[in-house]
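**Q** I have a structure I would like to understand better, so I am pasting it below and will then ask my questions one at a time.
The values are calculated or read from the model by the stated rules, or taken from the named source; none is laboratory data. These figures come from a predicted structure and were not determined experimentally. Here Cβ is always computed from backbone atoms with ideal geometry, including for glycine, and neighbour counts include all displayed protein chains.
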């Protein structure tokens with residue numbers, strides 16, 4: 001089989017954000033190399049050409065969200081949208097179906113995986129979190145839960161994403177996922193070694209697991225000065241930066257507030273990007289809060305001006321914000337949680353015990369006094385894409 005005749009379909013919740021960017025980077029490179037590539041998503045924007053497929057609508061997503069909150073059975077609604085997807089897949093007849101996030105209120109996993117099983121489709125599944133092998137949650141570190149290993153029940157996190165307000169169906173979800181997701185032709189990809197180790201302890205342990213680190217566009221993320229310093233009157237200040245697409249409890253927002261109380265306010269200033277209007281209103285006046293920005297140049301300017309990027313995540317896979325900061329020449333301080341430490345070396349930052357804000361304060365001074373390295377080619381997204389293409393070729397042989 002000629003590689004340029006391989007048909008690859010990728011599926012993700014969005015065509016943007018971190019996981020969507022990964023999907024689109026792979027897709028664009030595949031098209032450039034003459035592969036027959038398609039991308040599918042559930043919500044975000046309209047399709048722009050025949051290689052892009054949108055299967056869900058805003059109303060369908062809302063219905064699935066309501067269904068989840070009532071039943072705690074996320075992934076088991078959206079039948080109409082999933083039948084539409086299956087019709088498209090039958091037309092395309094992909095050699096490889098590459099799954100990313102299949103949660104997000106837009107797919108029916110029972111219909112999709114029954115189709116995969118009946119047609120013996122080869123699957124690459126990139127796990128961007130732990131949802132695939134739990135009975136409810138995307139992460140379990142904060143509560144120290146290990147039920148996912150043998151069978152979920154009595155979920156402590158049923159009100160976390162994907163939130164259920166009434167029932168706890170974690171036992172049913174876990175059993176159903178185990179039945180649907182096992183005994184298939186699947187290759188698992190994890191973006192870090194931490195998640196690979198976790199997968200090896202789950203019901204997905206029967207599958208081969210490859211580690212392919214997430215990558216970023218180093219032509220966009222590099223040191224670049226903007227008017228950010230002048231705009232926020234940061235002249236002469238040491239800037240401690242935090243960036244998140246969504247500042248939930250697991251992202252450590254409270255730890256920034258603790259840290260701010262410990263710092264000398266005449267010397268240091270904390271800047272947080274990705275907040276909601278409500279979160280900005282609730283911040284102390286001494287912390288600069290900025291809403292989420294889609295302007296890469298603006299974000300690069302903020303990373304470049306910052307003296308320290310602090311990532312106090314309590315649960316994470318392999319956050320690309322660490323890579324973005326390092327690429328802009330800014331040292332990273334992060335907690336020893338999930339795969340977050342895997343991008344941080346002695347030359348690019350420091351790893352601290354989760355919740356040890358006192359230690360973070362002392363490490364800030366150390367990092368500011370050292371010259372840190374800028375990200376190397378290891379985390380260029382082109383390296384990541386090359387690894388995926390090599391994996392596709394291996395699978396279709």
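**Q** Show me the helices (runs of 4 or more DSSP H) found entirely inside region 55-163 where at least 2 residues are at pLDDT below 95.
**A** 58-71
**Q** Residue 330 - would you say it is touching a helix residue (DSSP H, G or I) at 6+ places or on another chain (Cβ under 9 Å), over 22 Å from residue 16 (Cβ atoms) and surrounded by fewer than 24 Cβ atoms within 10 Å (Cβ to Cβ)? Break it down into steps so the answer makes sense when it comes.
**A** Details: touching a helix residue (DSSP H, G or I) at 6+ places or on another chain (Cβ under 9 Å): yes; over 22 Å from residue 16 (Cβ atoms): yes; surrounded by fewer than 24 Cβ atoms within 10 Å (Cβ to Cβ): no.
Taking the combined requirement at face value, the residue does not satisfy it.
**Q** Another question, then. Find the residue count for region 171-188, including only residues that are in contact (Cβ under 8 Å) with a residue 12 or more places away in the chain, more than 24 Å from residue 391 (Cα to Cα) and surrounded by fewer than 20 Cβ atoms within 10 Å (Cβ to Cβ).
**A** Residues of region 171-188 in contact (Cβ under 8 Å) with a residue 12 or more places away in the chain: 171-178, 180-188.
Narrowing the set further to residues that are more than 24 Å from residue 391 (Cα to Cα) leaves 171-178.
Of the ones still in play, those that are also surrounded by fewer than 20 Cβ atoms within 10 Å (Cβ to Cβ) are 171-172, 175-176, 178.
Of the residues in region 171-188, 5 are in contact (Cβ under 8 Å) with a residue 12 or more places away in the chain, more than 24 Å from residue 391 (Cα to Cα) and surrounded by fewer than 20 Cβ atoms within 10 Å (Cβ to Cβ).
**Q** Find all pairs meeting these conditions: Cβ atoms under 9 angstrom apart; at least six residues apart or on different chains; first residue within region 132-148 and assigned by TED's automatic domain parsing to the domain that holds residue 182 and farther than 14 Å from residue 181 by Cα; second residue at pLDDT below 95 and not in a loop (DSSP other than H, G, I, E, B).
**A** Note: pairs meeting the criteria are 137/143; 139/250; 141/250; 142/249; 142/250.
Per-residue answers, yes or no, for (1) surrounded by 14 or more Cβ atoms within 10 Å (Cβ to Cβ); (2) in the same structural domain as residue 339 (by TED's automatic domain parsing); (3) more than 18 Å from residue 308 (Cα to Cα):
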| residue | (1), (2), (3) |
| --- | --- |
| 208 | no, no, yes |
| 211 | yes, no, yes |
| 221 | yes, no, no |
| 234 | yes, yes, no |
| 237 | yes, yes, no |
| 240 | yes, yes, no |
| 243 | yes, yes, no |
| 246 | no, yes, yes |
| 249 | no, yes, yes |
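**Q** So, one more: Since residue 225 meets every condition but one in (1) in a loop (DSSP other than H, G, I, E, B); (2) more than 25 Å from the chain's Cα centre (by Cα); (3) surrounded by 13 or more Cβ atoms within 10 Å (Cβ to Cβ), which condition does it not meet?
**A** Here residue 225 meets the rest and fails (3).
**Q** Checking residue 337 against (1) in contact with a helix residue (DSSP H, G or I) (Cβ under 7 Å, 6 or more places away or on another chain); (2) in a helix (DSSP H, G or I), only one condition comes out false. Which one?
**A** (2)
**Q** Only one of these conditions is not met by residue 214: (1) out of contact with any helix residue (DSSP H, G or I) (no Cβ under 6 Å at 6 or more places or on another chain); (2) at pLDDT below 95. Which number is it?
**A** Residue 214 satisfies all of (1) out of contact with any helix residue (DSSP H, G or I) (no Cβ under 6 Å at 6 or more places or on another chain); (2) at pLDDT below 95 except (1).
**Q** Something else: Looking at region 256-285 only, could you name the residues that are surrounded by 13 or more Cβ atoms within 10 Å (Cβ to Cβ) and in a loop (DSSP other than H, G, I, E, B)?
**A** 263, 276, 283
**Q** Scanning for something closer than 26 Å to residue 126 by Cα and touching a residue at least 40 places away in the same chain (Cβ under 8 Å), does region 276-290 turn up at least one residue? Working first, answer last.
**A** The first filter runs over region 276-290 and keeps only residues closer than 26 Å to residue 126 by Cα, leaving none.
Scanning region 276-290 turns up no residue that is closer than 26 Å to residue 126 by Cα and touching a residue at least 40 places away in the same chain (Cβ under 8 Å).
Table: residues versus (1) within 18 Å of the chain's Cα centre (by Cα); (2) part of a loop (DSSP other than H, G, I, E, B); (3) touching a residue at least 40 places away in the same chain (Cβ under 8 Å); (4) surrounded by 18 or more Cβ atoms within 10 Å (Cβ to Cβ).
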{"position": "341", "(1), (2), (3), (4)": "yes, no, no, yes"}
{"position": "350", "(1), (2), (3), (4)": "no, no, no, yes"}
{"position": "388", "(1), (2), (3), (4)": "yes, no, yes, yes"}
{"position": "392", "(1), (2), (3), (4)": "no, no, yes, yes"}
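**Q** Which of the residues that make up region 294-334 are outside any helix (DSSP H, G or I) and within 17 Å of the chain's Cα centre (by Cα)?
**A** Filtering region 294-334 for residues outside any helix (DSSP H, G or I) gives 294-295, 306-319, 328-334.
Of everything in region 294-334, those that are outside any helix (DSSP H, G or I) and within 17 Å of the chain's Cα centre (by Cα) turn out to be 294, 311, 312, 313, 314, 315, 316, 317, 318, 319, 334.
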